[in-house]
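These notes concern the structure reproduced below.
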Amino acid sequence: MSAGRASAGGAGAWPENAGDMTAVMGPNRIQGDALGVMRAPANTLRVASPYARFRRDHSRVLARLDSLLACVPGRGRAIDEPPLRRHLATIGRQFSTHLAAEEALIYPVLARSFPEAAPTLAPLHEEHDELRAMLASLIQRLATPRSRERDVQVGVEVRDLVDLLRVHIRKEESVVFDVSERVLEPRELRGLARRLDPFIAARHRRVVTRRRKGTS
């Protein structure tokens, strides 16, 4: 770690929304040096952020969640299956590129350059697995014969998926994107951007191919 990174662990204030994260990621999951960098004031980036597209992805997903919830109104009312299936398919395609790029490139770069971040990355990896499992369970349940009991369970699972997505996105932007922009050198950010472009393009082609074959 460079001297610049070491000095980033100075004084400052923990982000105001930190209390909102403690239900999923308590303070004991974060090491002292990592806290220091998270408290450090944001620097003006000298290069374009490689996370811009990921923040846009997050915004699009968050904008979709209210529509997703509207498909499962509860209180005994029937779920609206066609738009629900479309929303879930779109989220699944997003997972295939977005989560994969984070796991293959973004998280490892931060872990190598700033090992103190490891305790914050492990729970995010686990949440990726949980999000995929929740989505797969929903899709599988929707394939079963319709019944009142099934629709109630679908509603519960949709609300759980929405809740975890909201929390996960908030955490990821705070403890991955914001921290990376503070601690990574400009050359590392540029290198990450160069690697992300072909990776995401390849994943997108794979998703499109699977969709055309009807396997998405």
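Read the figures in this text as sums done on the coordinates, not as results from a lab. Since the structure is predicted, the reported quantities are computational estimates derived from the model, not experimental observations. Note: ideal-geometry Cβ built from the backbone for every residue, glycine included; neighbour counts use all protein chains shown.
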Query raised in the report: Which residue, chosen from 87, 110, 99, occupies the Cα position most advanced towards the positive end of the dipole of the range 48-211, where the dipole is computed from +1 (Lys, Arg) and -1 (Asp, Glu) charges on Cβ about the Cα centre?
Result: 87
Query raised in the report: Can you give the Rg and Dmax of the range 159-209 based on its C-alpha atoms, in angstrom?
Result: 14.7, 41
Requested in this report: Sort 58-66, 75-83 for me by packing, meaning the mean count of neighbouring Cβ atoms within 10 Å per residue, highest on top.
Outcome: 58-66, 75-83
Query raised in the report: Once amide H atoms are placed 1.01 Å from N in the peptide plane, what residues at a sequence separation of 5 or more from residue 51, or on another chain, have their amide H within under 5 Å of its amide H?
Result: none
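Please compute the length gained on full extension between residue 55 and residue 80, using 0.36 nm multiplied by the number of residues separating them and subtracting their Cα-Cα distance. Please list the in-between numbers first.
Details: separation 25, 0.36 × 25 = 9.00 nm, distance 2.89 nm.
Extending this stretch completely gives an extra 6.1 nm.
Would you please put 148-159, 174-185 in order of how densely packed they are, using the mean number of other Cβ atoms within 10 angstrom per residue and starting with the highest? Show your work: numbers first, answer last.
Working: 148-159: 15.3, 174-185: 20.0.
The peptides rank, most packed first, as 174-185, 148-159.
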**Report entry** Efficiency of FRET from Cβ geometry, residue 143 and residue 210, R₀ 22 Å, rounded to 0.05
**Finding:** 0.80
Report task. Note down the magnitude of the dipole of the range 75-216 about its Cα centre, charges +1 on Lys and Arg C-beta and -1 on Asp and Glu C-beta and zero elsewhere, to the nearest 20 debye. Result -> 980 debye
Report task. Take every Cα pair under 8 Å in the range 48-211 that's 6+ residues apart, average their separations, divide by the length, and report that relative contact order as a whole percent. Result -> 38 percent
